[in-house]
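Below: one structure, written as structure tokens.
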Amino acid sequence: PRPVPQPRDRERYDGKEVSSIKLVANEPVSTFAVDVDTGSYSNVRRFLNEGRMPPQAAVRTEEMINYFRYDYPRPTSRRTPFTVSTDISTTPWNEASRLLRIGLRGYDVDSKERPRANLVFLVDVSGSMSSRDKLPLVKSTLTSLANELRSDDRVSIVVYSGTVGLLLAPTSNKEHVKEAVDCLYARGSTAGGDALKLAYSTARKNFLKGGINRIIMATDGDFNVGTSNTDQLKKIVAKERESGVNLTMLGYGRGNIRDELMEGIANVGNGNYAYIDSAMEAKKVLGDELNSTLFTIAKDVKIQIEFNPAHVKEYRLIGYENRLLAEEDFDNDKIDAGDIGAGHQVTALYEIMPANAEGWLPERRYPANRVVDWQPDFDGEMANVKLRYKLPNGSKSRLISRQIPADQLTGARAPKGDMAFAIAVAAFGQKLRGDKYLGDYEFQNINMLTNDGGNYWRQEFRKLNDLAASQTRS
């Protein structure tokens, strides 16, 4: 019998090199834009559930860590939209180093509190969307979102395949939304660029001043007709975001995923990127976390940390490779950065080497190139953390500054509880990426950092870690 032709795998990932070690004497300052995307984690889960290891380029460690919620304190006042927490522990995979966690948590709003929403669903109904893990899952996603809408919200639906059209004019009627979703079926090729333009013009026509104005785009990422060049699409989205319309990207299915395009467009469009691999994930992103997906409480959020060479010799930021900023970008309000939604959290981990440790880097040959003996200036401070953010309608940024006491470094203990779980996820991401700084640390070691408790998602993480371990043994 003839072999059955296999569909061509056109998935595309833009993996960045793992960040290298920085010497505090040369680069004491680290700056990056926050990221609240979670698409990498659920995409990795899809691979592992299919019995395959994900490609290393598909793994973005910061998205793995930020998939989960941690016990950060709630803000006490909305004048400062989020809290800033820091903690330090020993490093399970390196006796000499320490791990510094920076955590942000935005204030919560419930559905009744948030502003009215003007939402445009932009749905890919091209032929490639016909498989069970694509359009049927999009329909259940949008139906569960329709159930969360308030009676004063407005929804329109733009569909695109070979042509682009407005399937549903703006309506507040949930039943009309569900009926329109029910009518969706897949055929033809994909005119993604033209569809984006129609979605933005629809959102602008129905713009709600002081409200939520957002496009939610559901696609497998196969933009193969019209404007399909990534840079061109990013330019369209960068220009359109000035109108105050944000963009959320939802990726579906396998075989066509243009992860680098969807994640890149979401970043430029002041939005977020999630990969929907199940009805459970759809409910998490557009049900349980709807307010954080829709309602921005702070925009252009940047983090900058300056290490004190009297206490820290070397460091590396775990993940965030595609969110790094130049030091001078931190104070520049024209530089676009990540947004935080209501109740959103952001977690960043640094692995740091104390000044008295041997360190990762070898000593240099020429005396003038070596680190001089630093005078213990600001002796009580290990580092200074700064955050810049703008309020949703603001154009001038505000600054938060925190000093991290040096005694947190000397008094670091083994990670436990919440911190241990965050470190387990960070190790999992690094392990899947083949991160050389993880040494011989194995999936079995990662399991020992997580306890048996936790919610559904944390329990599922343990199972995924076991799946990855069995894949590497087979």
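Every number in this text was worked out from the coordinates using simple rules, so none of it is lab data. Everything numeric in this text was worked out from a predicted model, so none of it was measured. Every residue, glycine as well, gets a Cβ built from its backbone with ideal geometry; the counts of neighbours run over all protein chains shown.
Roughly speaking, what is the stretch gain from Gln459 to Arg473, that is 0.36 nm per residue apart minus the C-alpha to C-alpha distance, in nm to one decimal?
Gain in length upon complete extension: 2.9 nm.
In deg cm²/dmol, rounded to 500, what helix-only [θ] at 222 nm does the chain give when every DSSP H run of at least 4 residues adds -39500 (n - 2.57) and the total is split over its residues?
Only helices count here, giving -8000 deg cm²/dmol.
Once you treat every alpha carbon in the chain as an equal point and sum by Debye, what is log10 I(q)/I(0) at q = 0.06, 0.09, 0.13 Å⁻¹?
One equal scatterer on each Cα of the chain leads to -0.27, -0.61, -1.22.
Going by the alpha-carbon gyration tensor, a ≥ b ≥ c the square roots of its eigenvalues, is region 80-167 rounded (a/c under 1.5) or, if a/c is not under 1.5, prolate (a/b greater than b/c) versus oblate?
Oblate, since a/c reaches 1.5 and b/c is not below a/b.
Quick check: Cα centre of region 143-187 to Cα centre of region 409-474, how many Å?
40 Å
Reachable lysines from Lys139, Cα under 16 Å, same-chain residues fewer than 8 places away excluded?
Lys174, Lys178, Lys283, Lys284
Relative to the longest principal axis of the chain, what angle (0 to 90°, nearest 10) does the C-alpha long axis of helix 39-49 take?
80 degrees
Around Thr202, what is the net charge, scoring Lys/Arg as +1 and Asp/Glu as -1 over all other residues with Cβ under 14 Å from its Cβ?
Computed value for this residue: +3.
What is the distance, in nm, between label points placed 7 Å from the Cα along the Cα-to-Cβ direction at Asn147 and at Ser201?
3.6 nm
Can you pull the one-decimal nm distance between simple spin-label points at Asn445 and Glu381, each 7 Å off the Cα toward Cβ?
3.4 nm
Can you tell me the relative contact order of the chain? Whole percent, Cα pairs under 8 Å, sequence separation 6 or more.
It rounds to 23 percent for the chain.
Enumerate the calculated ³J(HN,Hα) couplings along region 453-463 in order (Karplus 6.51 cos²θ - 1.76 cosθ + 1.60, θ = phi - 60°), each rounded to whole Hz, writing x wherever the residue is Gly or Pro.
x, x, 7, 3, 5, 6, 5, 4, 4, 4, 5
Computed FRET efficiency, Cβ-Cβ of Lys235 and Leu391, R0 22 Å: what is it to the nearest 0.05?
With R0 = 22 Å, the Cβ-Cβ based efficiency is 0.25.
Give me the net charge for the shell around Glu442: Cβ to Cβ below 11 angstrom, other residues only, Lys and Arg +1, Asp and Glu -1.
Value of the local net charge: +1.
Which entries in Lys313/Lys436; Lys22/Lys239; Lys234/Lys436 show an alpha-carbon gap greater than 30 Å?
Lys22/Lys239; Lys234/Lys436
Return one quarter of the surface area of the convex hull spanned by the alpha-carbon atoms of region 281-372, equal to its mean projected area, in nm².
That works out to 9.0 nm².
Ranked from highest to lowest mean number of other Cβ atoms within 10 Å per residue, what is the order of the peptides 55-68, 23-36?
55-68, 23-36
Reachable aspartates and glutamates from Lys463, Cα under 12 Å, same-chain residues fewer than 8 places away excluded?
Qualifying aspartates and glutamates at Cα under 12 Å: Asp452.
For a label point 7 angstrom out from the Cα of Lys178 toward its Cβ, which stretches of region 115-156 have the backbone nitrogen within less than 19 Å?
121, 136-156
Please report how far the C-alpha centroid of region 55-132 lies from that of region 267-323, rounded to the nearest whole angstrom.
What the calculation gives is 5 Å, centre to centre.
Would you please give the FRET efficiency between Glu95 and Met53, computed as 1/(1 + (r/R0)^6) with r the Cβ-Cβ distance and R0 = 30 Å, to the nearest 0.05?
Efficiency, rounded to the nearest 0.05: 0.55.
Pairs of alpha-carbon atoms within less than 8 angstrom and 6+ residues apart define the contacts here; what relative contact order does region 296-339 have, in percent?
Relative contact order for region 296-339 comes out at 78 percent.
How would you order 391-402, 242-253 from highest to lowest mean count of nearby Cβ atoms within 10 Å?
Averaged packing, sorted descending, gives the order 242-253, 391-402.
Lysines near Lys235 by alpha-carbon distance under 28 Å, same-chain residues fewer than 8 away left out - which ones?
Lys16, Lys134, Lys197, Lys205, Lys209, Lys299, Lys302, Lys334, Lys390, Lys396
Around Leu167, which amide H atoms from residues at least 5 apart in sequence, or from another chain, sit under 5 Å from its own amide H, with H modelled in the peptide plane?
Answer set, sorted by chain and number: Ile157, Val158, Val159.
Using R₀ = 22 Å, calculate the FRET efficiency as 1/(1 + (r/R₀)^6) where r is the Cβ-Cβ separation of Gln403 and Asp71; round to 0.05.
0.50
For Cα pairs less than 8 Å apart in space and 6+ apart in sequence, what is the mean separation divided by the residue count of region 341-453, i.e. the relative contact order in percent?
Normalised by residue count, the contact order of region 341-453 is 16 percent.
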